[in-house]
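Values in this text are rule-based calculations from the coordinates and carry no lab data. Just so it is clear, the structure is predicted and the values come from calculations on it, not from any experiment. Quick reminder, even Gly has a Cβ in these numbers, built from the backbone with ideal geometry, and neighbours come from all protein chains shown.
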Amino acid sequence: MLPQSQSVIDTNARYLSGNPRIITQLEGHTDERGSREYNIALGERRANAVRQVMIARGVSPQQVRVISYGEERPAAGGQDEQSYALNRRVEIVY
């Protein structure tokens, strides 16, 4: 997890813990390297890592759903390290 991601996660965790009726979905994404099955599992592990941080910050487990898209929804279309890095992410969706 990138250090700059911590503030985004903390901000969302504060919002969710203060609004217990709101549910969010964490969408895990990967770059295109690796098999489809591997990337789906990796995206799920990424999203679950963010979920665990949110729960540790006081968010109810029932408020946070996890889904993995693996490599299916890239943020960047290139085949270089910069594009791969942009595609390795978790998106918080309300």
hull vol. (C-alpha, convex hull) per residue for the chain, Å³ -> 84 Å³
Most packed first (mean Cβ within 10 Å per residue), the peptides 44-57, 74-87 order as 44-57, 74-87
Calculated from DSSP helices alone, with each H run of at least 4 adding -39500 (n - 2.57) and the total divided by the residues of the chain, [θ]222 nm to the nearest 500 comes to -15000 deg cm²/dmol
To the nearest 10 degrees, the tilt of helix 3-18 (Cα long axis) against the first principal axis of the alpha carbons of the chain is 40 degrees
With the charge dipole of the chain built from beta-carbon charges (+1 for Lys and Arg, -1 for Asp and Glu) about the Cα centre, the Cα from L26, L2, Q82 projecting farthest to the positive end belongs to L26
Helix 36-56 sits off the longest principal axis of the Cα atoms of the chain, rounded to the nearest 10 on a 0 to 90 degree scale, by 20 degrees
